[in-house]
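> This is the structure I have questions about; it appears just below.
The values are calculated or read from the model by the stated rules, or taken from the named source; none is laboratory data. Note that the coordinates shown come from a computational prediction; the quantities given were computed from them, not determined experimentally. Cβ placement follows ideal geometry from the backbone for every residue including glycine, while neighbour counts extend to all protein chains displayed. Please note that ligands, DNA and RNA were not included when accessible areas were found on the heavy atoms of the full protein model with its side chains. Shrake-Rupley method; radii C 1.70, N 1.55, O 1.52, S 1.80 Å.
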Amino acid sequence: MVNFVVLDGLKYTSSHEWVKHEGSVATIGISDHAQDHLGEVVFVELPEPGGSVTKGNGFGAVESVKATSDVNSPISGEIIEVNDKLTGKPGL
């Protein structure tokens, strides 16, 4: 049996993305369950700040030793910032 962390304040999609609203800013990520199934992440494709995302559409990808998975946006909006640390350490 595997236990996964479900964090307070996050809203999850059926495709394992999550969103956290903080005022007019929202942060998007992928669930522990998705990360566990992917295995070791070796590359993350990030969107460009200043671009936009549409609810239900892909905006990036996560590549692991097992597979590559699109990351779909649970909301629509403008990208104001990305986690650049993922470029050098995609497993974060």
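> Which condition number does Gly58 fail, the rest of (1) touching a Phe, Trp or Tyr at 6+ places or on another chain (Cβ under 9 Å); (2) open to solvent by 30 Å² or more (accessible area, probe 1.4 Å) being met?
In the conditions (1) touching a Phe, Trp or Tyr at 6+ places or on another chain (Cβ under 9 Å); (2) open to solvent by 30 Å² or more (accessible area, probe 1.4 Å), Gly58 misses (1) alone.
Conditions (1) in contact with a Pro (Cβ under 8 Å, 6 or more places away or on another chain); (2) within 15 Å of Gly91 (Cβ to Cβ); (3) among the polar types (S, T, N, Q), marked per residue:
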site: Ser14; (1), (2), (3): no, no, yes
site: Glu17; (1), (2), (3): yes, no, no
site: Ile30; (1), (2), (3): no, yes, no
site: Pro49; (1), (2), (3): no, no, no
site: Gly60; (1), (2), (3): yes, no, no
site: Lys66; (1), (2), (3): no, yes, no
site: Asp70; (1), (2), (3): no, no, no
site: Glu81; (1), (2), (3): yes, no, no
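> Of the residues Ser15, Ser24, only one is within 12 Å of the chain's Cα centre (by Cα) and modelled with pLDDT under 95; which? Before you say what the answer is, go through the steps one by one.
On the way: Ser24 fails: within 12 Å of the chain's Cα centre (by Cα).
Just one listed residue meets the conditions, Ser15.
> Residue check: is Lys55 out of contact with any Ser or Thr (no Cβ under 8 Å at 6 or more places or on another chain), in a loop (DSSP other than H, G, I, E, B) and farther than 18 Å from Asn83 by Cα?
Judged against the criteria, Lys55 is not a match.
> Do we have any residue at all in the range 25-46 that's open to solvent by less than 50 Å² (accessible area, probe 1.4 Å) and touching a helix residue (DSSP H, G or I) at 6+ places or on another chain (Cβ under 6 Å)?
Scanning the range 25-46, I find at least one residue that is open to solvent by less than 50 Å² (accessible area, probe 1.4 Å) and touching a helix residue (DSSP H, G or I) at 6+ places or on another chain (Cβ under 6 Å), so the answer is yes.
> Mind checking which residues of the range 67-82 are of a type outside the set (Val, Ile, Thr) and surrounded by 12 or more Cβ atoms within 10 Å (Cβ to Cβ)?
Ser69, Asp70, Asn72, Ser73, Pro74, Gly77
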